[in-house]
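All remarks here apply to the structure that follows.
The values are calculated or read from the model by the stated rules, or taken from the named source; none is laboratory data. What you see is a predicted model, and the numbers here were worked out from it, not measured in a lab. As a convention, Cβ positions derive from the backbone with ideal geometry for all residues, glycine included, and neighbour counts pool all protein chains shown. Keep in mind that these areas ignore ligands, DNA and RNA; they rest on the heavy atoms of the full protein, side chains included. Shrake-Rupley method; radii C 1.70, N 1.55, O 1.52, S 1.80 Å.
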Amino acid sequence: MKLLKLMPVLMITITQTLFAQSEDPYMWLEDIDGEKSMDFVKAHNEATFNVLSKQKDYQDIYDKCLAIYDSKDKIIFPTIYGDYIYNFWQDDEHVRGIWRRTPKKSYLADKPVWETVLDIDALSAKDNVKWVFKGANGLYPTYDRFLLNLSNGGGDAVAIKEFDVNKKEFINDGFNITEAKGDAYFVDMNTVILSTDFGEGTMTTSGYPRQTKIWKRGTALKDAKLIYEGAVDDVGAWGFIYRDGDKKYLGVVRAPGFFTSESYIYENNKLIKLDIPEDCQTYTVINGQLVLSLKSDWDVMGTSYKQGALISMDMDALLKGEKLIHTIIQPDASSSIEAVSNTKNKLLVNLTTNVKNVLFIYNFLDNTWKNEKVATPDFGTIGINATDESSDLYFFNFTNFLTPTTLYVANAGDNSVKPFKFLPAFFDASKYEVNQYTVKSTDGTAIPYFVVSAKNMQNNGQNPTLLTAYGGFEVSILPYYSGTVGQSWLDMGGVYVVANIRGGGEFGPQWHQAGMLEKRQNIYDDFHAVAQDLITRKITSPKHLGIKGGSNGGLLMGVAFTQRPDLYNAVLCEVPLLDMQRYNKLLAGASWMAEYGNPDVPADWEFISKYSPYQNLKEGKKYPEVFFLTSTRDDRVHPGHARKMAAKMEGMGYKVYYYENIEGGHGASSTNDQIARRSALEYSYLLMKLK
């Protein structure tokens, strides 16, 4: 009966949806490499570049940015494989980069002699392909073989090639896999576990693998052993390996949704499903304990483990169907688990407290977890850069808005810490200060945000101000040092603002969940509230306020200027989602329906349609002159979003700027020159509009 009552509403909504899609005059711009589409791109690139490159500060900004990105004084961040430190490096001599290594002892003695393992520029020239290095997976414990991930143009899809680091050559008849959004790991010298495009019907609607196989050396890929196959409408399925000392756990994770997963361990030619919550996040196995965090309360065996908790479970017992659970840490309302990693014997937990990081070492003794705080600097952001599986050595970095990044070398065994490498100061930070404010959103929730400004700033409403945020997927936006922001914005008289709105992970899973699905307007209300508070405090005014965001943050930008065009005079909308009626049909879009909802379901489209920027554009509004930036080679967020939005706005008579890098993937740039050019275009636009 209830369904019958809904039928007229459903039919009207479905009819409207189909009509709207069939009437979209800009659908042709979804043809990524089509001649007509690329004519649009080239014409707009030329027009935008001609205007912005002629701004008086463009060349100076470009030169300074390129000098920062090419600087030989950058920190050489380590990755530890066996007895070597590996590093990927780009500068003016190595445009696409070199993958290199030095003995661990030499690196720790600060006397590295770098040996180039693979020159990506030379490889690109040889293959006539614009290769972008996307990382490597090594053969434990010798690490003489690697599976290299190489992207054509910078997209997420990679070709996987087996490489001998001692001979510095690819293994022609080795484990080589054609380009796909997949991955592969060595099980042993002659075996890999992999997920890739195995042919028709083996990929999900999100564009990720749905099959995981075991592939033996000397056999054809088509003969690899299938150990798991997910559903076509899953996000995907991938293999993994956990190593706990000499013990390894081979497994498969199936992701039916973006925030849900099922984990299986492959033993004795069969899969054992782990009885853990589908929405938890697993990290590692150490000292026989599987470490995971909870995204919702979990009631088990008479005990309630609360949302946000980091817990561990005895792995061998779990494989037998038993649950032996230990609480590692239960964050409070102002804290969340930022990251978890481990050395050989210790667990490292990076905790966010009021949008600042604190690092702890945990040790599992006598069936309980004991911790000690690491002596890191206060009031900033900590990142674990590298850990050593053969010792308790690890590296972490510390930074904040005004402190250049410092790399620390540490030992989790004796909790020793010492500064190791320093990023040079790219601007004079002594002239600036950082303040953290809060403002109440529409529903009364307190939203924190950081303001970086000159110490002598006058609150006269005339300060050029750039506001940025992300607001989605439980991603935290923490303080960070940027020479580009310092030189190209702060030193030019600008104010820089970072808002910690809902949808992120700054205050745990509940902060994220408060902005999902039908609650998404909370995110946009939070952003509007921060913008309005900047104006109320007379830090700036709508004439001098600009905003910037990419990907999901690009969607935020689209919503911000369509809902509140009165607040902003400049908008940098980067690699954005904008047509939320079709996002789930474009590239990886279907994987994000757990975050946004399914626009093909009338009940979901009811709330999505209220904010979808593409559908909410209206004629006769005073929209700011938006600057859209994207990449032809972005195989995550379809460039059609930005293309269609720009074309539709122009069709309504609005002036826009548009620039699409022909390569670069979701990061929109592959080389330092491309990043510098994009930065120069962005800041020239902001200075033109706001100063």
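Evaluate the following for S551: is it within 28 Å of F426 (Cα to Cα), small (G, A, S), crowded, with 21+ Cβ neighbours inside 10 Å and out of contact with any strand residue (DSSP E or B) (no Cβ under 7 Å at 6 or more places or on another chain)? So S551 passes the test.
Per the listing D119, D164, the residue uniquely of a type in the set (D, E, K, R) and open to solvent by 30 Å² or more (accessible area, probe 1.4 Å) is D119.
For the range 86-103, the tally of residues that are in contact (Cβ under 8 Å) with a residue 60 or more places away in the chain and surrounded by 19 or more Cβ atoms within 10 Å (Cβ to Cβ) stands at 3. Of the candidates D119, D110, D83, the single residue that is closer than 24 Å to K161 by Cα, more than 29 Å from the chain's Cα centre (by Cα) and not small (G, A, S) is D83.
Looking at A680, is it closer than 30 Å to D234 by Cα and of a type in the set (G, A, S)?
So A680 does not fit the description; no.
The set of residues from the range 155-172 being over 22 Å from Y81 (Cα atoms) and free of Cβ contacts under 8 Å to residues at least 12 places away in the same chain comprises just one member, N172. Quick check on my filter: what residues within the range 526-568 are farther than 11 Å from G471 by Cα and among the acidic types (D, E)? Within the range 526-568, D533, D566 meet the criteria. Taken as a whole, the condition of being surrounded by 22 or more Cβ atoms within 10 Å (Cβ to Cβ), within 20 Å of the chain's Cα centre (by Cα), within 26 Å of R678 (Cα to Cα) and aromatic (F, W, Y) applies to Y481.
Filter the range 510-541 down to residues that are under 21 Å from the mean Cα position of the chain (by Cα) and either open to solvent by 10 Å² or more (accessible area, probe 1.4 Å) or modelled with pLDDT under 95 (or both), then give me how many there are. Write out each step before concluding.
Step one: filter the range 510-541 for residues under 21 Å from the mean Cα position of the chain (by Cα), giving 510-517, 520, 523-524, 527.
After this cut, where a residue has to be either open to solvent by 10 Å² or more (accessible area, probe 1.4 Å) or modelled with pLDDT under 95 (or both) as well, the list is 510-511, 513-514, 516-517.
Result for the range 510-541: 6.
For the range 558-574, the condition holds for at least one residue, the condition being that it is under 29 Å from S334 (Cα atoms) and either part of a helix (DSSP H, G or I) or in contact with a Phe, Trp or Tyr (Cβ under 9 Å, 6 or more places away or on another chain) (or both). When the residues of the range 227-253 are filtered to those that are open to solvent by 40 Å² or more (accessible area, probe 1.4 Å), closer than 14 Å to M203 by Cβ and not β-branched (V, I, T), the one that is nearest to the chain's Cα centre (by Cα) is W238.
Listed here are the residues, each with its yes/no results for (1) of a type in the set (F, W, Y); (2) within 27 Å of K344 (Cα to Cα).
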| position | (1), (2) |
| --- | --- |
| Y242 | yes, yes |
| K248 | no, yes |
| V252 | no, yes |
| G257 | no, no |
| K273 | no, yes |
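With respect to the conditions (1) in contact (Cβ under 8 Å) with a residue 60 or more places away in the chain; (2) touching a Lys or Arg at 6+ places or on another chain (Cβ under 9 Å), E433 lacks only one, and its number is (1).
Looking across K618, K610, K622, one residue alone is in contact (Cβ under 8 Å) with a residue 60 or more places away in the chain, over 24 Å from the mean Cα position of the chain (by Cα) and open to solvent by 10 Å² or more (accessible area, probe 1.4 Å). It is K610. Filtered by the rule that a residue be in contact with a Lys or Arg (Cβ under 6 Å, 6 or more places away or on another chain) and either closer than 17 Å to R217 by Cβ or open to solvent by 30 Å² or more (accessible area, probe 1.4 Å) (or both), the range 123-147 gives a lone residue, L139. Scanning the range 343-355 for residues that are within 25 Å of the chain's Cα centre (by Cα) and surrounded by fewer than 18 Cβ atoms within 10 Å (Cβ to Cβ) yields T353, N354.
Would you mention how many residues in the range 90-128 are out of contact with any Ser or Thr (no Cβ under 9 Å at 6 or more places or on another chain), under 30 Å from R678 (Cβ atoms) and hydrophobic (A, V, I, L, M, F, W, C)? Adding up the residues that qualify gives 6. Contact annotation: residue pairs with Cβ atoms under 6 Å, 6 or more positions apart or on different chains, pairing a residue in the range 47-65 that is within 21 Å of E650 (Cβ to Cβ) with a partner that is of a type in the set (S, T, N, Q) and outside any loop (DSSP other than H, G, I, E, B), are L52/S684.
Any residue at all in the range 253-266 that is more than 30 Å from S335 (Cβ to Cβ) and out of contact with any strand residue (DSSP E or B) (no Cβ under 7 Å at 6 or more places or on another chain)? I'd like the intermediate steps shown before the answer.
Kept after step one, since they are more than 30 Å from S335 (Cβ to Cβ), are these residues of the range 253-266: 254, 264-266.
Now drop any that are not out of contact with any strand residue (DSSP E or B) (no Cβ under 7 Å at 6 or more places or on another chain), which leaves none.
No.
Scanning the range 384-399 for residues that are touching a strand residue (DSSP E or B) at 6+ places or on another chain (Cβ under 7 Å) and either farther than 15 Å from T284 by Cβ or among the aromatic types (F, W, Y) (or both) yields N385, L393, Y394, F395, F396, N397, F398, T399.
One residue stands out among those in the range 189-209 that are over 15 Å from P256 (Cβ atoms), in contact (Cβ under 8 Å) with a residue 40 or more places away in the chain and part of a loop (DSSP other than H, G, I, E, B): the one that is most open to solvent (accessible area, probe 1.4 Å), which is M189. Quickly run through the range 105-131 and pick out the residues that are over 26 Å from R633 (Cβ atoms) and in a helix (DSSP H, G or I). Once the filter is applied, which keeps residues that are over 26 Å from R633 (Cβ atoms) and in a helix (DSSP H, G or I), the range 105-131 yields K105, S106, Y107, L108. One residue stands out among those in the range 625-671 that are under 30 Å from F88 (Cα atoms), outside any strand (DSSP E or B) and open to solvent by 20 Å² or more (accessible area, probe 1.4 Å): the one that is modelled with the lowest pLDDT, which is S669.
Answer with yes or no whether F473 is open to solvent by less than 50 Å² (accessible area, probe 1.4 Å) and outside any strand (DSSP E or B). Yes: the conditions hold for F473.
Yes or no: the range 587-594 includes at least one residue that is open to solvent by 10 Å² or more (accessible area, probe 1.4 Å) and touching a His at 6+ places or on another chain (Cβ under 9 Å). Break it down into steps so the answer makes sense when it comes.
Pass one, the range 587-594, residues open to solvent by 10 Å² or more (accessible area, probe 1.4 Å): 587, 590, 592-594.
The next check asks that each one be touching a His at 6+ places or on another chain (Cβ under 9 Å); those that pass are 587.
Taking every residue of the range 587-594 in turn, at least one turns out to be open to solvent by 10 Å² or more (accessible area, probe 1.4 Å) and touching a His at 6+ places or on another chain (Cβ under 9 Å).
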